[in-house]
Amino acid sequence: MKDPIYVTRPSMPELTEYIDEIKDIWASRRLTNKGPKHQELENLLKEYTGNANVSLYTNGHMALESVIEALELSGEVITSPFTFVSTTHALVRKGLKPVFCDINPDFYTMDANKIEDLVTEKTSAILPVHVYGSICDVDAIKNIADKYKLKIIYDAAHSFGVKVEGIDAGNFGDFSMYSFHSTKVFNTIEGGALFYSDGRMKDRLDSIANFGIRDEENVDYVSGNAKMSEFQAAMGICNLRHIDGQICARKDIYNRYKENLDGLKGVVLKEDQVGVQSNYAYFPVLFKEDLCGISRDEVYDGLAKEHIYARKYFYPLVSRMPCYSQRGFNSDTPVAEYISKEVLCLPMYADLSNSDVDRICMAIRNLLD
Ligand SMILES: *Cc1c(COP(=O)(O)O)cnc(C)c1O
């Protein structure tokens, strides 16, 4: 039997590198609550992104909930249904109404031409997603937000390391939320961060991540616990040392997939964005059944028979999930609908071997024949 190939595999440093990094934690007995590793990772991330305003979290989802709390958002938020459930859950759990905007068919990000029609007097913010690391139309979104005085929070969970004309993706909108979950391009085991444009938000955000505590005798906000521990930060410090090499390795895999799959009838690869230096986070492929003669689900099942585990990522749309489908949120997003029925994310991680990429592509070619 051939070895299974999973859709992703976390990046890890050498064990000895991590052990060296965590030795300090035994010396300091600082395990969490903004210890030295936390501070060091914040500093390294400031350098890496060129954004001096950063706060770390125990995961990306809590980062998202925290910024919603910090901004005291209310009413409606325009967002994308073509995402991981976390994006919508954060809104609904904080009492907001998600208003789903359709996506564009080339990059699967929010279609900026369709946002304005969804703005009402209740709209307080826009929450677009740099899905698969594709960057949203940040200029158009900013114009709309300025016109209607809306906040912009990017779900940048997929876009660590992406650069737009040399500028790191963590510099757009009022806030960018990152996930450092094990399956993301850069991980801290579990983890997340917010990058933001207004440095005055720092104290409030850090307090909200820690029960709203200002000091021993003063608690300012009714909030939960979203702190990153020293062990998570130590993992981040190690992984950040290797991030450039990891992204290069992903690029080689991406190119090999492209060479193998380009030109297959009915098999559509995501376009490259002009001026964008990608992080090659995912390898989404559309299978157009009327052209390639086989549905996405048949490809998924056929690959699974070969022990290749791709993911129907993102299917169903968040708006179609049982927890949302009966709640009366709008779901008229036809482009997102058909993309979600055709898309399949093929295995993509930094140490996926060339021979595994070839095996995956050969299996797809065999299924199409
Ligand atoms: C991973 C992810 C999140 C949630 O991040 P966690 O760190 O797992 O909490 C949110 N949005 C998107 C698009 C994601 O992929």
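Here are some notes:
- Within the stretch 197-209, residues that are in contact (Cβ under 8 Å) with a residue 12 or more places away in the chain sit with their Cβ atoms under 7 Å from residues that are open to solvent by 50 Å² or more (accessible area, probe 1.4 Å) and among the small types (Gly, Ala, Ser), at 6+ positions apart or across chains, in these pairs: 199/52.
- Condition check for residue 323 on (1) out of contact with any Pro (no Cβ under 7 Å at 6 or more places or on another chain); (2) outside any helix (DSSP H, G or I); (3) of a type outside the set (Asp, Glu): one failure, at (2).
This table checks each residue for (1) open to solvent by less than 30 Å² (accessible area, probe 1.4 Å); (2) of a type in the set (A, V, I, L, M); (3) touching a residue at least 24 places away in the same chain (Cβ under 8 Å); (4) within 18 Å of residue 41 (Cβ to Cβ).
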position	(1), (2), (3), (4)
186	yes, no, yes, yes
237	yes, yes, yes, yes
250	yes, no, yes, no
256	no, no, yes, no
264	no, yes, yes, no
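- Qualifying position, being at pLDDT 95 or above, touching a helix residue (DSSP H, G or I) at 6+ places or on another chain (Cβ under 6 Å), farther than 30 Å from residue 29 by Cα and not acidic (Asp, Glu), among 249, 226, 234, 281: 281
Matching residues to (1) without any contact (Cβ under 8 Å) to a residue 40 or more places away in the chain; (2) touching a strand residue (DSSP E or B) at 6+ places or on another chain (Cβ under 6 Å); (3) crowded, with 18+ Cβ neighbours inside 10 Å:
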{"site": "280", "(1), (2), (3)": "no, no, yes"}
{"site": "284", "(1), (2), (3)": "no, yes, yes"}
{"site": "290", "(1), (2), (3)": "yes, no, no"}
{"site": "295", "(1), (2), (3)": "yes, no, no"}
{"site": "308", "(1), (2), (3)": "no, yes, yes"}
{"site": "316", "(1), (2), (3)": "yes, no, no"}
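- Scanning the stretch 194-210 finds one or more residues that are over 24 Å from residue 345 (Cβ atoms), hydroxyl-bearing (Ser, Thr, Tyr) and buried (at least 19 other Cβ atoms within 10 Å of the Cβ).
- Scanning the stretch 125-146 for residues that are among the aliphatic types (A, V, I, L, M), farther than 16 Å from residue 83 by Cβ and either open to solvent by 10 Å² or more (accessible area, probe 1.4 Å) or within 16 Å of the ligand (Cβ to nearest atom) (or both) yields 138, 140, 144.
- Close pairs from the stretch 110-126: first basic (Lys, Arg), partner in a loop (DSSP other than H, G, I, E, B), Cβ under 9 Å, at least 6 apart: 114/101; 114/102; 114/104; 114/333; 122/74; 122/75
- Residues in the stretch 326-357 that are open to solvent by less than 50 Å² (accessible area, probe 1.4 Å), more than 29 Å from residue 102 (Cα to Cα) and either assigned to a loop (DSSP other than H, G, I, E, B) or not hydrophobic (A, V, I, L, M, F, W, C) (or both): 350, 352, 353, 356.
- Residue match in the stretch 26-34 (condition: touching a Ser or Thr at 6+ places or on another chain (Cβ under 8 Å), of a type in the set (Ser, Thr, Tyr), away from the ligand (no atom under 15 Å from the Cβ) and in contact (Cβ under 8 Å) with a residue 40 or more places away in the chain): yes
- Residue-level check: of (1) without any contact (Cβ under 8 Å) to a residue 40 or more places away in the chain; (2) under 25 Å from residue 226 (Cα atoms); (3) within 15 Å of the ligand (Cβ to nearest atom), residue 79 misses just (1).
- The requirement of being more than 12 Å from the ligand (Cβ to nearest atom), of a type outside the set (A, V, I, L, M) and touching an Asp or Glu at 6+ places or on another chain (Cβ under 6 Å) is satisfied by residue 97.
- The number of residues in the stretch 147-200 being of a type in the set (D, E, K, R), within 16 Å of the ligand (Cβ to nearest atom) and over 17 Å from residue 128 (Cα atoms) comes to 2.
- Here residue 67 does not fit the description of being in contact with a Phe, Trp or Tyr (Cβ under 6 Å, 6 or more places away or on another chain) and open to solvent by 20 Å² or more (accessible area, probe 1.4 Å).
The values are calculated or read from the model by the stated rules, or taken from the named source; none is laboratory data. Note that this is a predicted model, so its numbers are computed, not measured. Positions of Cβ are backbone-derived with ideal geometry, glycine not excepted, and every protein chain shown enters the neighbour counts. Please note that ligands, DNA and RNA were not included when accessible areas were found on the heavy atoms of the full protein model with its side chains. Shrake-Rupley method; radii C 1.70, N 1.55, O 1.52, S 1.80 Å.
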